[in-house]
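Please read the structure below before turning to the comments.
Readers should treat all values here as calculations from the given coordinates under stated rules, not as data from a laboratory. What you see is a predicted model, and the numbers here were worked out from it, not measured in a lab. FYI the Cβ positions are ideal-geometry reconstructions off the backbone, even for glycines, and counts take in every protein chain you see.
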Amino acid sequence: MVGASIVLVALFASIVGNTLTFYFFESGQSIGDSFWYSMISITTIGYGDLSATAIGSRIGTIVFITVVGLTAFTAWAGIVINWLIDLQHRERTGMGRLFVKEHILLINFPNESRVRHIIEEFTSDTRHSKDEIAIVTDRVESLPFSYPNVYFIRGSPLEMETYDRAAIATAQKAIILSTGYDDPTSDSIVASAVSVLHRLNPQIKATVECINPKHAVLFEGMDNVSLVFPLQMANNLLVQESQDPGISLLTQAITSNLVEGTLLSTRLEAVPDQQMPYPEFAKHMLDRDINLVGIVRNGNVHLRFTELFPVKDDVLVYISSSRIEWEAIQESMAT
């Protein structure tokens, strides 16, 4: 660092020194022209539009440009190139620091295929196609793939320093994967990672993979956390498919952003101006090719809508090719 400072001072001194020498010894030259001559000479471009003719300016060019300037410029160029190479290396190996906002943290790296699939699913939604994603893990030394707007931060998901480099303060969401379906400590590690996340950014929304439903107690009291139980869902689907063939294909379609007509959700921001029971509202939605599947209220799922009226913060879960916004819901209930 000291060496770079010395080189920079020498480079600055050579430019200033030659500018002043050229200005004083070459008649009719402005300070701007003198500075231009110095910059073009020190970079060895030499357009030839200006040249030293007086003895004093020639001596100044030899001293300030040839002896000091070119040496300092070459050294400074080498320092910058080495810095860029080191920066690229740190980025590839996950040891750099992110300067992004409103990005997504993808924590843990159980295997390459799962991480690839999640990135492709997430970015296939047009609303999130340009979202920036930071993969946080200490299980790989470099990413085995490359996607636009996908970054890598190498470090323990349980250490604050790792999240500091991942710009946790400006992240909007986190997806926390299990360390592996055969790892008995996965849920406790994930719960610890959520705890660290919320200590650094209490507002971040975390979607968390929990292997054993009995371990849901580990996440009690944590705000902005949504739990997903992949093995339980897989077992349920196996049983359902064996009893009613076709359910698996439909489930695969409605849970993928890659297929038109997927599961979506919208939260009611207020009590609708025009009150109507959900069965009637569901009929209005069906006329628009929107299939209302269920209502989530206070953590409970309602699949039967009889005598159920909309309440603020209800989450409407539906199948549609496009998301319905709050204004559209208001409009539907008013017609």
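Which of rounded, prolate, oblate describes the stretch 184-307, given a ≥ b ≥ c as roots of the alpha-carbon gyration tensor eigenvalues and a/c under 1.5 marking rounded, otherwise prolate only if a/b is larger than b/c?
oblate
Could you work out [θ]222 nm for the chain from helices alone, using -39500 (n - 2.57) per DSSP H run of at least four and dividing by all its residues? Round to the nearest 500 deg cm²/dmol.
-13000 deg cm²/dmol
For residue 152, what residues show an amide H to amide H distance below 5 Å, using hydrogens built from the backbone and excluding near sequence neighbours?
135
Return the inverse of the average 1/r over all pairs of distinct C-alpha atoms in the chain, which is the Kirkwood hydrodynamic radius, in Å to one decimal.
25.2 Å
Inverting the mean 1/r over all pairs of different Cα atoms, compute the Kirkwood radius of the stretch 260-334 and quote it in Å.
Result for the stretch 260-334, one decimal place: 12.2 Å.
What is the sum of charges, Lys and Arg at +1 and Asp and Glu at -1, for the other residues whose Cβ falls under 12 Å from the Cβ of residue 225?
Computed value for this residue: -1.
Can you pull out the trypsin sites (Lys or Arg not before Pro) in the stretch 232-311 that DSSP calls coil and that have at most 16 other Cβ atoms within 10 Å?
288, 304
Cα-Cα over 25 Å: which of 205/312; 130/214; 283/312?
With Cα atoms farther than 25 Å apart: 130/214.
Tell me which residues come under 5 Å, amide H to amide H, from residue 256 once H is placed; ignore anything under 5 positions away on its chain.
It is 263, by chain and number.
For the stretch 2-92, what number results from the quotient of the Cα radius of gyration and 2.2 N^0.38 Å?
1.25
Which of the helices in the chain meet the span-like rule: DSSP H, Cα axial reach of 27 Å or more, Kyte-Doolittle mean at least 0.0?
TM-like helix candidates: 2-25, 70-92.
Once both labels are modelled 7 Å past Cα along the beta-carbon direction, what's the residue 140-residue 120 spacing in nm?
With each label placed 7 Å out from Cα toward Cβ, I get 1.4 nm.
Let a ≥ b ≥ c be the square roots of the eigenvalues of the Cα gyration tensor of the stretch 104-228; is it rounded (a/c under 1.5), or, if not, prolate (a/b larger than b/c) or oblate?
Verdict is rounded for the stretch 104-228.
So what are the stretch 50-129's ellipsoid semi-axes, whole angstrom, largest first, if each one is the square root of 5 times an eigenvalue of the alpha-carbon gyration tensor?
Here the semi-axes work out to 53, 15, 9 Å.
Would you report the distance distribution of C-alpha pairs in the stretch 164-257 as whole percents per 10 angstrom bin, up to the bin with the largest distance?
Answer for the stretch 164-257: a P(r) of 15, 39, 30, 14, 3 percent.
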